[in-house]
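The values are calculated or read from the model by the stated rules, or taken from the named source; none is laboratory data. The structure displayed is predicted, hence computed values, not measured ones. Reconstructed Cβ throughout: ideal geometry from the backbone, glycine too, with neighbour counts over all protein chains shown.
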Amino acid sequence: MKLKQLLIAVGTLMVLSFSQSALASEGHEAALKHAKIDVTDQAQIRRGLTVFTDVCMGCHSATYVTYKGLMDYPEIGLSREEVDELRGDHAMTEGIRTELSLEDGEASYGKVPPDLSVIVAARRGGANYVYSILTGFENDPEGKIPEGNYNEYFPGHRIAMPDPLAWLDHEPEDTAQLEKDAQDVSAFLAFIADPHQNERRALGCWVLGFLLLLTLVLWRLKVEVWKDVKH
């Protein structure tokens, strides 16, 4: 009986080990690149917005961000005229939407392009994941995945999204600009995934400062109250 239980246990461990290996092969086989972003840098976030509207918005939406939000968030801070030019006939309270219909997107790429409003929060690696994907297009070394659909950092390597920044086979002199574009749009997406993050961090510093001051006051009070008590 014990031998049978031992064999079952060994078999189970082998199955689990195989499953984990299979999952690992479908995950990120290469370490993600580090995206140099700053979600407090208005200039970078604005450049990222430009990359998003000029490139990404051809297929992707950011419906959780309204056109009014582009004015209200100080990290973006567009003027009314800039927002009006960007939104066209869309209402100020509408989310940023691509003109590509869901049906056309699925027909073109085999799946509906995801909304990018919270993509940084939804993907392990966050902004580093986005940056790595944008600069990870290569030719399949085994020749199995069609040109333009192989990405070093995408799980399984086969990606439906076409190379948006034309990273594949780009000229060496364009590398710096393409990396900057990828970092800028990663910064924009990192900001809109949590647009109140800077405000929350600033408030957190004030709260910590208050608690520290309160601790010092209470400590001095305790010393004063117990100074005449012998221990």
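At-a-glance table
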item: Residues being of a type in the set (Phe, Trp, Tyr) and in contact with a Ser or Thr (Cβ under 7 Å, 6 or more places away or on another chain) - total across the stretch 138-182; result: 2
item: Residue list for the stretch 141-151, filter: at pLDDT below 95 and farther than 16 Å from Cys59 by Cβ; result: Pro141, Glu142, Gly143, Lys144, Ile145, Pro146, Glu147
item: Which numbered condition Arg46 misses (of (1) at pLDDT below 95; (2) of a type in the set (Lys, Arg); (3) in a helix (DSSP H, G or I)); result: (1)
item: Scope the stretch 49-79; condition outside any helix (DSSP H, G or I) and within 14 Å of Ile119 (Cβ to Cβ); matching residues; result: Cys59, His60, Ser61, Ala62, Thr63, Tyr64, Val65
item: Boolean, Glu142 is more than 24 Å from the chain's Cα centre (by Cα) and under 19 Å from Asp54 (Cβ atoms); result: no
item: Long-range neighbours under 9 Å by Cβ, at least six apart or interchain, first residue closer than 22 Å to Gly125 by Cα within the stretch 153-177, second of a type in the set (Lys, Arg) and modelled with pLDDT under 95; result: Arg158/Lys144; Ala160/Lys111
item: Identity of the residue in the stretch 47-66, out of contact with any Gly (no Cβ under 8 Å at 6 or more places or on another chain) and either surrounded by fewer than 20 Cβ atoms within 10 Å (Cβ to Cβ) or among the basic types (Lys, Arg) (or both), that ends up farthest from Ala187 (Cα to Cα); result: Gly58
